[in-house]
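Asker: Sharing a structure, written as structure tokens. Questions coming.
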Amino acid sequence: MIIVNLISGLGNQLFQYAIARNISLKKKIELKLDISFFSTQTLRNYQLDKFNIAENLASIQDLKRFTNLRSKHSVRYKIQRNIDNLLPKHKRKIFSESDLWIYEESLEKISNHTYIDGYWQNKKYLKDLHPIVLEELTLKNVDNNDYSHYLFLISKSNSVSIHIRRGDYLGDKNANEIFGVLSIDYYNRAIDHIKTQVENPLFFIFSDDLNWAEEQFKIQATFVKIENGQKPYLELDLMSKCKHNIIANSSFSWWGAFLNRNSSKIVIMPKRWVLDENINAKINLKLSNWIQL
């Protein structure tokens with residue numbers, strides 16, 4: 001049995017699930033999901049239940065098999081971790097990510113009884129993604145009039161999604177110091193590039209700050225409004241249904257573009273994913289045919 005720790009927003013949850021599920025399929029072993037993070041959260045919700053995933057939630061008893069992960073400050077836990085750390089990493093009961101955005105090849109070699117804890121945001125983890133994973137990362141039946149309206153418009157046009165993330169990138173000090181906020185210049189250059197490549201593009205703008213976006217963007221565009229942003233999984237799915245994508249420095253719109261099945265899609269992403277140049281240099285999220293501006 002593999003257990004994966006699911007944390008943070010939808011984009012992060014998709015990375016965590018996809019990578020753990022891919023390993024479980026290759027090894028032909030059971031995958032369980034630890035969603036205990038969300039029991040104390042007010043800003044983030046578990047959202048993978050809206051997708052056709054293999055949802056098998058880890059019980060308290062399952063977690064206790066890994067030195068009682070609900071008591072990380074206990075003496076028993078600390079002793080077990082110290083013992084664990086003497087082993088080669090792929091043989092440890094708890095495989096924790098060494099650093100953000102790097103690729104750890106040993107993750108692919110973990111034992112059949114491992115707890116996986118990390119963000120795993122590197123394209124190398126997805127290079128041999130099992131087709132079943134992509135099928136699972138589709139929405140269950142959607143009954144939402146706004147979603148259906150936008151989906152119709154998207155399907156009948158040369159649709160281009162534009163994702164603008166502000167929200168926590170402005171209001172959360174840590175997020176702001178790491179990611180900052182993309183400039184209007186980035187979006188203008190991306191829009192100009194699309195206009196040279198796509199005939200009669202119709203832009204669909206997705207944002208957690210639509211009032212600001214409507215003031216700043218004077219192009220002819222549709223601003224996507226679904227229940228005041230309370231159903232991000234619907235917005236991510238609509239992004240993936242657009243023919244082309246302009247994404248933010250955000251795992252949320254990265255997945256919108258990744259799940260886009262248009263074989264001739266144009267995806268534009270920012271060169272600067274984070275503010276720190278040294279960290280930015282090691283980030284490996286650009287797929288071969290994606291464009292960085």
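The values are calculated or read from the model by the stated rules, or taken from the named source; none is laboratory data. Computed from a predicted structure; not experimentally measured. Positions of Cβ are generated from backbone atoms using ideal geometry, with glycine treated the same way; all protein chains shown enter the neighbour counts.
Asker: Exactly one condition in (1) assigned to a loop (DSSP other than H, G, I, E, B); (2) closer than 15 Å to H149 by Cα is not met by T222; state its number.
Answerer: T222 satisfies every listed condition except (1).
Asker: Are any residues in the range 47-76 more than 17 Å from I3 (Cα to Cα) and at pLDDT below 75, and if so, which ones? First the steps, then the outcome.
Answerer: Start the filter on the range 47-76 by keeping residues that are more than 17 Å from I3 (Cα to Cα), which leaves 47, 50-52, 73-76.
Passing the criteria: H73, S74, V75, R76.
Asker: Could you please give the count of residues in the range 238-291 that are among the basic types (K, R) and more than 25 Å from Y150 (Cβ to Cβ)?
Answerer: At the first step, the residues of the range 238-291 found to be among the basic types (K, R) are 241, 243, 261, 265, 271-272, 282, 286.
Among the residues that remain, those that are also more than 25 Å from Y150 (Cβ to Cβ) are: 271-272, 282, 286.
So the count comes out to 4.
Asker: Let me ask something else. Quick one: which of K195, K225, K173, K231 is basic (K, R) and more than 24 Å from the chain's Cα centre (by Cα)? Show your work before the answer.
Answerer: On the way: K225 fails: more than 24 Å from the chain's Cα centre (by Cα); K173 fails: more than 24 Å from the chain's Cα centre (by Cα); K231 fails: more than 24 Å from the chain's Cα centre (by Cα).
None of the others qualify; the one that does is K195.
To keep it simple, each residue is scored yes or no on (1) in contact with a Lys or Arg (Cβ under 9 Å, 6 or more places away or on another chain); (2) surrounded by 13 or more Cβ atoms within 10 Å (Cβ to Cβ).
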| position | (1), (2) |
| --- | --- |
| S148 | no, no |
| F152 | no, no |
| N158 | yes, yes |
| I162 | no, yes |
| G167 | no, yes |
| D172 | no, yes |
| E177 | no, no |
| L182 | yes, yes |
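For (1) within 12 Å of F15 (Cβ to Cβ); (2) in contact (Cβ under 8 Å) with a residue 40 or more places away in the chain; (3) of a type outside the set (V, I, T); (4) not assigned by TED's automatic domain parsing to the domain that holds A257, each residue gets a yes or a no:
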site	(1), (2), (3), (4)
D99	no, no, yes, yes
S106	no, no, yes, yes
S111	no, no, yes, yes
I116	yes, yes, no, yes
Q121	yes, yes, yes, yes
Y125	yes, yes, yes, yes
H130	no, yes, yes, yes
Y150	no, yes, yes, no
S155	no, yes, yes, no
